[in-house]
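The values are calculated or read from the model by the stated rules, or taken from the named source; none is laboratory data. From a predicted model like this one, the values you see are computed outputs, not experimental measurements. Note: ideal-geometry Cβ built from the backbone for every residue, glycine included; neighbour counts use all protein chains shown. Side chains are part of the model used for accessible areas, which takes the heavy atoms of the whole protein and leaves out ligands, DNA and RNA. Shrake-Rupley method; radii C 1.70, N 1.55, O 1.52, S 1.80 Å.
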Amino acid sequence: MTPILVRPATEDDLPALTDIYNHYVVNTPITFDLRPLTVDERRPWFGDHSHGGRHRLLVATGDNVGNVGNVGRGQAIGYASSSRFRPKAAYDTTVESSVYCRADVVRRGIGTALYRALFEQLKYEDINRIVAGVTLPNPASIALHERCGFRQVGALSSVGRKFDRYWDVAWFERPLLIR
């Protein structure tokens, strides 16, 4: 398989990242936003991430994936982020990770490549734990997180209401450095 190109996100990626995210908002319970967001509404989220420090945003591009229709050169087809876990200072060494890929490119190793690149970039930061929430059921996301060194540490039942039902969320964690 041709290597997947992963790079830091730029502001030019924001429309594609918003489109990727909005697919999951509208069609799945995996994010608890209830309506699609505009690019301007996503701008503060984008601004919370940088090319350095604990809170990063990386994109995979369609250049080397093959058989991906309607993708311009360098256009984002997936992204991974590390974000603030909680606002209290004692949590600063814990980040929450997430990964989203265009629906037409899932199960091609893009999420795994994004997470590996993200964790590699974070290895010199003052981070102790990476956590991730997964709306259940979601066997593909569970497999991705386990493949990337996460282990499930608990689940919260019926914590999100979307599509006229309640959803459980499993919580996963991993140390930044896996020995």
Among the residues of the range 154-161, is any hydroxyl-bearing (S, T, Y), closer than 26 Å to D33 by Cα and without any contact (Cβ under 8 Å) to a residue 40 or more places away in the chain? yes
Determine the pairs where a residue that is within 16 Å of A76 (Cβ to Cβ) and aromatic (F, W, Y), located within the range 14-37, has a partner that is open to solvent by less than 20 Å² (accessible area, probe 1.4 Å) and modelled with pLDDT of 95 or more with Cβ atoms under 6 Å apart, the partner being 6 or more residues away or on another chain. Y24/T31
Search result, residues across the range 103-138 that are within 14 Å of the chain's Cα centre (by Cα), part of a helix (DSSP H, G or I) and surrounded by fewer than 18 Cβ atoms within 10 Å (Cβ to Cβ): A103, T112, R116
Take the residues in the range 93-102 that are open to solvent by less than 40 Å² (accessible area, probe 1.4 Å) and of a type in the set (V, I, T), then tell me which one is farthest from D19 (Cα to Cα). T94
Residues in the range 117-145 that are without any contact (Cβ under 8 Å) to a residue 40 or more places away in the chain and over 20 Å from R56 (Cα atoms) total 6
Residue check: is G62 farther than 23 Å from V169 by Cα, surrounded by 17 or more Cβ atoms within 10 Å (Cβ to Cβ) and not polar (S, T, N, Q)? yes
Can you confirm whether the range 8-15 contains a residue that is out of contact with any Pro (no Cβ under 6 Å at 6 or more places or on another chain), more than 30 Å from D164 (Cα to Cα) and exposed (fewer than 13 other Cβ atoms within 10 Å of the Cβ)? yes
For S98, state whether it is assigned to a strand (DSSP E or B) and either over 17 Å from the mean Cα position of the chain (by Cα) or not aromatic (F, W, Y) (or both). yes
Somewhere in the range 90-107, is a residue at positive phi and modelled with pLDDT of 95 or more? no
